[in-house]
1. If you go through segment 159-179, how many residues are farther than 14 Å from residue 82 by Cβ, within 8 Å of the chain's Cα centre (by Cα) and surrounded by 14 or more Cβ atoms within 10 Å (Cβ to Cβ)?
2. If I filter segment 82-97 down to residues being without any contact (Cβ under 8 Å) to a residue 60 or more places away in the chain and out of contact with any helix residue (DSSP H, G or I) (no Cβ under 8 Å at 6 or more places or on another chain), which single residue comes out as surrounded by the most Cβ atoms within 10 Å (Cβ to Cβ)?
3. Let me spell it out: the conditions are (1) more than 30 Å from residue 189 (Cβ to Cβ); (2) modelled with pLDDT of 95 or more, and residue 61 meets all of them except one. Which number is the exception?
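The values are calculated or read from the model by the stated rules, or taken from the named source; none is laboratory data. Because the structure is a prediction, the values reported are computed rather than measured. Every residue, glycine as well, gets a Cβ built from its backbone with ideal geometry; the counts of neighbours run over all protein chains shown.
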């Protein structure tokens, strides 16, 4: 039980059983266990009902694929973020650029890490050093996106499986309308 107000004492349980005015063949300890389990399911149910539109950031900082990578690096640094969507002139998401993409151009991957080798053994391609001066040259594409009516539990699963930190949110035509990050999901869970 998370908070002091969630704690149930034996006296509370006894009072509740007396108020029911019927015989219930259950111990106070069993009732506590049932309560804890029910509380876990209730919290999971409430979180799964939170939609992306309810927690996403609507004012999204973006770059375009023909922007210079130094501009993208400056935006990431000035805004203390680790990645951002790349859009075309009509605001369609064409990729995502992250700190890792920019570091790759600076030669930060001189050799493959142990994790890279393990991932390769498990069937993933080894990361390549990226080159180019434009965002479009080094961005990750295609971008994985989500819709505003998706449950945040589904987004959390995607972020975890793909080992990424954010998903651009697009409308039915694929145009950018927001972004949802791990931090947005954690905040939403914390409010429950």
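1. 0
2. Ranking the qualifying residues of segment 82-97, first place goes to 88.
3. Among (1) more than 30 Å from residue 189 (Cβ to Cβ); (2) modelled with pLDDT of 95 or more, residue 61 violates only (1).
Here's the yes/no breakdown for (1) assigned by TED's automatic domain parsing to the domain that holds residue 159; (2) exposed (fewer than 14 other Cβ atoms within 10 Å of the Cβ); (3) touching a helix residue (DSSP H, G or I) at 6+ places or on another chain (Cβ under 7 Å); (4) modelled with pLDDT of 80 or more:
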{"position": "13", "(1), (2), (3), (4)": "no, no, yes, no"}
{"position": "17", "(1), (2), (3), (4)": "no, no, no, no"}
{"position": "20", "(1), (2), (3), (4)": "no, yes, no, no"}
{"position": "23", "(1), (2), (3), (4)": "no, yes, no, no"}
{"position": "26", "(1), (2), (3), (4)": "no, yes, no, no"}
{"position": "31", "(1), (2), (3), (4)": "no, no, yes, no"}
{"position": "42", "(1), (2), (3), (4)": "no, yes, no, no"}
{"position": "66", "(1), (2), (3), (4)": "yes, yes, yes, yes"}
{"position": "71", "(1), (2), (3), (4)": "yes, yes, no, yes"}
